[in-house]
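Single-structure report; data block below.
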Amino acid sequence: MTISPNYAIMGNMIDFNIPPYTGTEEKYIHQAIRDRKLSGDGRFTKKCSQWLEETLSVTHALLTTSCTHALEMAAVLTGIGEGDEVIMPSYTFVSTANAFVQRGARIVFTDIRPDTMNLDEQLLEDAITPRTRVIVPVHYAGVACEMDTILDIARTHHLQVVEDAAQGITSLYKGKDLGTIGDYGCLSFHETKNLTMGEGGALLFQREGALEQAEIIREKGTNRSKFFRGQIDKYTWVDYGSSYLPSELNAAYLWGQFMECDKIQQDRMQTWDFYHQAFEDLEQSGYLQRPVIPSYARHNAHMYYIKVADLETRTRFLSYLREQGILAVFHYVPLHSSAAGQRFGRFCGEDRFTTKESERLVRLPLYYGIGQETREKIAETVKRFFTP
Ligand SMILES: *Cc1c(COP(=O)(O)O)cnc(C)c1O
């Protein structure tokens, strides 16, 4: 059976997301089945790791079962423990925080920059205490945080940096791939991200010495990876670990996506550029705001969002779009306002932008193969809301 990648309009609704599928994935999945190797660390896991290492220029890329799990691995590798503090934006996904909460750390949430929705690097110094160990920049929408400033501050205070680059595959900060700049970087290949394996992710790092421990954590705390390479003659329990190694079936799908990465990315970029152009006039007339890409960043068209006047306008706008057959969505509810966020962390300083900006944000449908007709319908429908 062949599935057309252009299955954009299903029923009468335009979906917010459709997982990317290029047609090459099945061939590789069949190969994995024929290899009689379905658990992890087979041919496709290795090919994917190598592709990431070469494409992103990073010493080590370990495929994982999710970005959530890559973050958990990074948290263990930083050596963070009970009572230590981690600084991160409140405007992020729960996994960014959970990974460190699981180690007994306290979360210190900082405010974001209204232009990129990223952690405001100017507020970092104020958030640092003698207990601070780690800073977690989240590259929202695949748009880079101001990494030079963040790394300078981290170096001065002897802190480690874990990049949540879940949305950042192929995005750059001053020419460097997101996820390869800090001590550890975490990518996601969930079906909502640019490239996917259903559920999956990767842990990136440059430090040679971290590889052995990272492999042990991923293999349930055993030295099984060494055993399979023939470096030892039996494997045992050597350290803390869990099960973070994805199946070959998932890796085979991802390999198909990697092979078509340029095609997927070009298509997403076209949609992003189309929206950006389409809403220029509405921005100039003051109806909405478009995303800002700082000069140090090259983005990957992970997301197209607009910001409307306020929460009330957004609520009306989202139900209008739904009535018109378009599934648009809002995004994170700031973590510091959630029950768990209050229990496991605190907000540092004043919430000038986190709540206000998050309440105005609307994400429009953007997926591989969305097609010109659908993009146009969405843009026209959005315009009609503001200028009937
Ligand atoms: C998607 C996402 C995650 C979680 O990724 P999974 O692979 O689904 O675990 C974490 N952080 C951010 C910023 C994300 O967008």
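Kindly evaluate residue 182 against the criterion of being under 22 Å from residue 335 (Cβ atoms), within 16 Å of the chain's Cα centre (by Cα) and away from the ligand (no atom under 14 Å from the Cβ). The answer is yes for residue 182.
Listed here are the residues, each with its yes/no results for (1) surrounded by fewer than 22 Cβ atoms within 10 Å (Cβ to Cβ); (2) within 16 Å of the ligand (Cβ to nearest atom).
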| site | (1), (2) |
| --- | --- |
| 201 | no, yes |
| 206 | yes, no |
| 237 | yes, no |
| 243 | yes, yes |
| 250 | no, yes |
| 273 | yes, no |
| 276 | yes, no |
| 295 | yes, no |
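Annotation: of all residues in the stretch 208-230 being more than 16 Å from the ligand (Cβ to nearest atom) and basic (Lys, Arg), the one that is surrounded by the most Cβ atoms within 10 Å (Cβ to Cβ) is 224.
Exactly one residue out of 129, 110 is hydroxyl-bearing (Ser, Thr, Tyr), touching a residue at least 24 places away in the same chain (Cβ under 8 Å) and within 16 Å of the ligand (Cβ to nearest atom), and it is 110.
Among the residues of this structure, residue 147 counts as one that is closer than 15 Å to residue 179 by Cβ, of a type outside the set (S, T, N, Q) and buried (at least 22 other Cβ atoms within 10 Å of the Cβ).
Being without any contact (Cβ under 8 Å) to a residue 60 or more places away in the chain, outside any loop (DSSP other than H, G, I, E, B) and of a type outside the set (D, E, K, R) is the filter here, so list the residues in the stretch 226-249 that pass it. Those that are without any contact (Cβ under 8 Å) to a residue 60 or more places away in the chain, outside any loop (DSSP other than H, G, I, E, B) and of a type outside the set (D, E, K, R): 227, 237.
Of the residues that sit in the stretch 11-70 and are within 30 Å of residue 271 (Cα to Cα), assigned to a helix (DSSP H, G or I) and touching a helix residue (DSSP H, G or I) at 6+ places or on another chain (Cβ under 6 Å), which one is nearest to the ligand (Cβ to nearest atom)?
68
For residue 83, the conditions (1) farther than 13 Å from residue 186 by Cα; (2) within 16 Å of the ligand (Cβ to nearest atom); (3) out of contact with any Ser or Thr (no Cβ under 7 Å at 6 or more places or on another chain) are fulfilled apart from (2).
Every test in (1) closer than 29 Å to residue 351 by Cα; (2) aromatic (Phe, Trp, Tyr); (3) touching a helix residue (DSSP H, G or I) at 6+ places or on another chain (Cβ under 9 Å) is passed by residue 189 save one, and that test is (1).
If the condition is being away from the ligand (no atom under 16 Å from the Cβ) and either assigned to a strand (DSSP E or B) or in contact with a strand residue (DSSP E or B) (Cβ under 7 Å, 6 or more places away or on another chain) (or both), then the stretch 158-172 contributes 159, 160, 172. Within the stretch 150-172, the set of residues being within 22 Å of residue 196 (Cα to Cα) and buried (at least 20 other Cβ atoms within 10 Å of the Cβ) comprises 162, 163, 164, 165, 166, 167, 168, 169, 170, 171.
Matching residues to (1) among the basic types (Lys, Arg); (2) within 22 Å of residue 271 (Cα to Cα):
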position: 322; (1), (2): yes, yes
position: 326; (1), (2): no, yes
position: 332; (1), (2): no, no
position: 359; (1), (2): no, no
position: 366; (1), (2): no, yes
position: 381; (1), (2): no, yes
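Among the residues of the stretch 303-319, is there at least one that is within 19 Å of residue 144 (Cβ to Cβ) and out of contact with any Phe, Trp or Tyr (no Cβ under 6 Å at 6 or more places or on another chain)? Yes: the stretch 303-319 contains one or more residues that are within 19 Å of residue 144 (Cβ to Cβ) and out of contact with any Phe, Trp or Tyr (no Cβ under 6 Å at 6 or more places or on another chain). Looking at the stretch 96-107, which of the residues that are within 11 Å of the ligand (Cβ to nearest atom) and in contact (Cβ under 8 Å) with a residue 60 or more places away in the chain is farthest from residue 138 (Cα to Cα)? Step by step, filter the stretch 96-107, then rank; the result is 97. Considering (1) within 24 Å of residue 142 (Cα to Cα); (2) hydrophobic (A, V, I, L, M, F, W, C); (3) touching a Gly at 6+ places or on another chain (Cβ under 6 Å), the lone condition that residue 181 does not fulfil carries the number (3). For first residues located in the stretch 26-49 and within 15 Å of residue 229 (Cβ to Cβ), partners that are assigned to a loop (DSSP other than H, G, I, E, B) and among the acidic types (Asp, Glu) and lie 6+ apart or on another chain with Cβ distances below 9 Å form the pairs 42/35; 43/35.
Taken over the stretch 126-156, the criterion of being outside any helix (DSSP H, G or I) and over 15 Å from residue 174 (Cβ atoms) is satisfied by 128, 129, 130, 131, 132, 133, 134, 135, 136, 138. Looking at 264, 306 in this structure, which one is buried (at least 21 other Cβ atoms within 10 Å of the Cβ), within 27 Å of residue 25 (Cβ to Cβ) and out of contact with any Gly (no Cβ under 6 Å at 6 or more places or on another chain)? Checking each option against the conditions leaves just 264. I'm trying to understand the selection: among the residues of the stretch 97-123, which are assigned to a helix (DSSP H, G or I) and either surrounded by fewer than 24 Cβ atoms within 10 Å (Cβ to Cβ) or of a type in the set (Val, Ile, Thr) (or both)? Within the stretch 97-123, 98, 101, 121, 122, 123 meet the criteria.
Laboratory data are not the source of any read-out in this text; all were calculated from the coordinates shown. Here the structure is a predicted model, which is why all the values come from computation and not from measurement. We place every Cβ from the backbone using ideal geometry, glycine too, and count neighbours over all the protein chains shown.
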